[in-house]
Amino acid sequence: MRLENKVALITGGGTGIGLEIAKQYVNEGAYVYITGRRENKLREAAELIGRNVGYMSADVSKKEDMLRVAEKIREEQGHVDIVICNAGIGGYVSLENIDEAEFNRVMYTNVLGTYYTAQACLPLMGEGSTFIMNTSVTASLGLPNFSLYIAAKSAMKSFIHTWTSELRDRKIRVNAIAPGIIPTPAAGGELGRSPEEEKARQEYRATLIPAGKVGNVLDIANAAVYLGSDESSYVNGVELLVDGGLAAIYPVKL
């Protein structure tokens, strides 16, 4: 029970990586709040988790939504120990086809949403609490047609350093998990691939990764448990690559 008596907020917690983190956090003794834009998915996730979980429909790119989430946590728990900025979106778009709408869609969710989440939660965070950001191995790579998403994740990566410095006197840690290739149902759809295309792509990618396989959501959740627990109390200002060694050998054709 490495997270016993801790209270956590996970944005984008209704599906995929966020949901798996929520499940493992509850298994480790935490009370978890999950947010997302689709209330039906949040309800299904809460029913799946079964206990010690609350949920609220919220869009991280709207400050009023995140303030409402923080107020609910304050009323019910009084504080929050772990804030996981997991909500994110992206897609393959070539340089010449990125327009204002696509720029705002990606940057508002990934970057502005991270700011709004932090601003809403900071008043509830005390000494020993922690931020965990979901960045991406792509911020270390130069993938074509992915520049906007990589720019957003690179901005989030920069927060690890600046926020660690800014929050040092408050004894709030700031770390990030950079997932490698972690197939989820949403990821293939977001990138415009059919289930069959996604399966073929991941089988090929597995041959390129030193670990010999693509990752899964539990790999990321396990890392999130560690970074949220007191076991990592001396880990601060780092981005933990959970990528099977992919960044170490790049460039490869993904």
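Here are a few things to note about the model shown:
- Restricting ALA139, ALA120 to those that are surrounded by 13 or more Cβ atoms within 10 Å (Cβ to Cβ), under 16 Å from the mean Cα position of the chain (by Cα) and not β-branched (Val, Ile, Thr) reduces the list to ALA139.
- Region 117-140 residues that are farther than 20 Å from VAL238 by Cβ and at pLDDT 95 or above, paired with ones that are open to solvent by 20 Å² or more (accessible area, probe 1.4 Å) and among the charged types (D, E, K, R) (beta carbon under 6 Å, 6 or more apart): LEU124/ARG74
- Candidates are the residues of region 16-29 that are surrounded by fewer than 22 Cβ atoms within 10 Å (Cβ to Cβ) and out of contact with any helix residue (DSSP H, G or I) (no Cβ under 7 Å at 6 or more places or on another chain); the one that is nearest to SER229 (Cα to Cα) is GLY29.
- Residue list for region 123-138, filter: touching a Phe, Trp or Tyr at 6+ places or on another chain (Cβ under 9 Å) and aliphatic (A, V, I, L, M): MET125, MET133, VAL137
- Check on LEU48, more than 15 Å from ILE82 (Cα to Cα) and in contact with a helix residue (DSSP H, G or I) (Cβ under 9 Å, 6 or more places away or on another chain): yes
- Filtered residue count, region 1-15, keeping only those that are closer than 17 Å to ALA58 by Cα and either basic (Lys, Arg) or surrounded by fewer than 23 Cβ atoms within 10 Å (Cβ to Cβ) (or both): 1
Table: residues versus (1) in contact with a Lys or Arg (Cβ under 9 Å, 6 or more places away or on another chain); (2) of a type in the set (Gly, Ala, Ser).
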| position | (1), (2) |
| --- | --- |
| TYR116 | yes, no |
| LEU124 | yes, no |
| PHE131 | yes, no |
| ASN134 | yes, no |
| ALA139 | yes, yes |
| ALA151 | no, yes |
| GLU166 | no, no |
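- Selection count, region 30-63, where residues are of a type outside the set (D, E, K, R), open to solvent by 20 Å² or more (accessible area, probe 1.4 Å) and over 21 Å from SER136 (Cα atoms): 10
- Hits in region 82-119 (condition: outside any helix (DSSP H, G or I) and within 21 Å of LEU42 (Cβ to Cβ)): ILE82, VAL83, ILE84, CYS85, ASN86, ALA87, GLY88, ILE89
- Screening the candidates ILE172, ILE220, ILE209 for the property of being within 15 Å of the chain's Cα centre (by Cα) and either open to solvent by 60 Å² or more (accessible area, probe 1.4 Å) or modelled with pLDDT of 90 or more (or both) yields one hit, ILE220.
The values are calculated or read from the model by the stated rules, or taken from the named source; none is laboratory data. All values derive from a computational prediction rather than experimental measurement. Don't worry about glycine lacking a Cβ; one is built from the backbone with ideal geometry, like all the others, and counts go over all protein chains shown. We work out accessible area using only protein heavy atoms, side chains counted, and drop any ligands, DNA or RNA first. Shrake-Rupley method; radii C 1.70, N 1.55, O 1.52, S 1.80 Å.
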